[in-house]
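The values are calculated or read from the model by the stated rules, or taken from the named source; none is laboratory data. From a predicted model like this one, the values you see are computed outputs, not experimental measurements. A quick note on method: Cβ atoms are made from the backbone with ideal geometry, for glycine too, and the neighbour counts reach across all protein chains shown.
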Amino acid sequence: MMATNEDMAPMVSVIVPCYNCGKYLAETLNSVISQTNSNWECIIIDDGSTDDSRHVADGFIQKDKRFKYIYQANQGVANARNNAIRNAAGKYILPLDGDDKIAHEYIDEAVRELGKDSTVKLIYSKAETFGERSGFWNIPAYSYKELLIENLIFCSAVFRKEDFLKTKGYDESMREGFEDWEFWIAFLTETDKVIQLPKVNFYYRLRGISRNPKTTEAEKQKRIRNYIFQKHSDLYQKYFSLPNLLFEYYQTKIMLESVENSTSFRVGKTVMAPLIFIKKLFQ
């Protein structure tokens, strides 16, 4: 029986935005090529790199036609993801930054869950960090309300392309980071089913020039969070009304005061005081 175009189409499009990631890109692409599910394409979208990223990408394209390469002038990771996803042939989308990695069975496990339940909107997994520091990444349990407070889902979650096309995509004005967090807020609703796979399938590289560590500066955090709040003000007003926030603040204040007034807290301060004094002497 001759294969149809639908049979030949990749099930998953792995989207790899790359900006001067040549040093790490081969490790990322090797994690794709080693997948137990072979029905994928990988679109490397080079966002104006000036290093050897093109050379590294070419090496993979030469040995495996499932790799594709797109070059564009630097426009930011959000724009790069949007362009690549719109050019993707896969039913499912898996964004993967050009310095991170996925486990061998991630695509297999994600596709299996999405295929058996059409009501599942998003699949992600447990995660670990590697690079400058390595270890288990303790991601809080998913809830939509908590997602509005902090990003609970790394960028490399798996979703349907048809669902992406119903959105405006990643916000291309967000070039300082957290564009993936804002996308999840826009992409998901409270009633959508989100599954976290129970094993580690994603590895996030920590390095000195990563975008997100820079965004932990207080002023930048405040600016980005304020932008997200203003953009989705209706959601925030729904879930975090001012009376409720004031009451939660009051409860937190009372709890902290009770801790500070407790005997164990005062004893702890007394025990630690000499150590703090010694530490200051050597600073």
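With assigned to a strand (DSSP E or B) and closer than 25 Å to residue 133 by Cα as the only criterion, which of 94, 29, 25 stands out?
94
Which numbered condition in (1) at pLDDT below 95; (2) part of a helix (DSSP H, G or I) is the only one that residue 78 fails?
The failed condition is (1).
Given the structure, is residue 38 assigned to a strand (DSSP E or B) and either in contact with a Pro (Cβ under 8 Å, 6 or more places away or on another chain) or at pLDDT 95 or above (or both)?
No, not satisfied.
Out of all the residues in the range 154-166, is one or more in the same structural domain as residue 84 (by TED's automatic domain parsing), part of a loop (DSSP other than H, G, I, E, B), under 28 Å from residue 134 (Cα atoms) and touching a Leu at 6+ places or on another chain (Cβ under 7 Å)?
Scanning the range 154-166, I find at least one residue that is in the same structural domain as residue 84 (by TED's automatic domain parsing), part of a loop (DSSP other than H, G, I, E, B), under 28 Å from residue 134 (Cα atoms) and touching a Leu at 6+ places or on another chain (Cβ under 7 Å), so the answer is yes.
Quick check on residue 62: is it over 22 Å from the mean Cα position of the chain (by Cα) and either under 28 Å from residue 200 (Cα atoms) or assigned to a helix (DSSP H, G or I) (or both)?
The answer is yes for residue 62.
(1) free of Cβ contacts under 8 Å to residues at least 40 places away in the same chain; (2) of a type in the set (Val, Ile, Thr); (3) not in a helix (DSSP H, G or I): which one isn't true of residue 56, the others all being true?
(3)
Given the options 25, 94, name the one that is buried (at least 22 other Cβ atoms within 10 Å of the Cβ), assigned by TED's automatic domain parsing to the domain that holds residue 156 and over 23 Å from residue 164 (Cβ atoms).
It is 25.
Among the residues of the range 135-150, write down those that are of a type in the set (D, E, K, R) and farther than 18 Å from residue 193 by Cβ.
The answer is 150, and nothing else.
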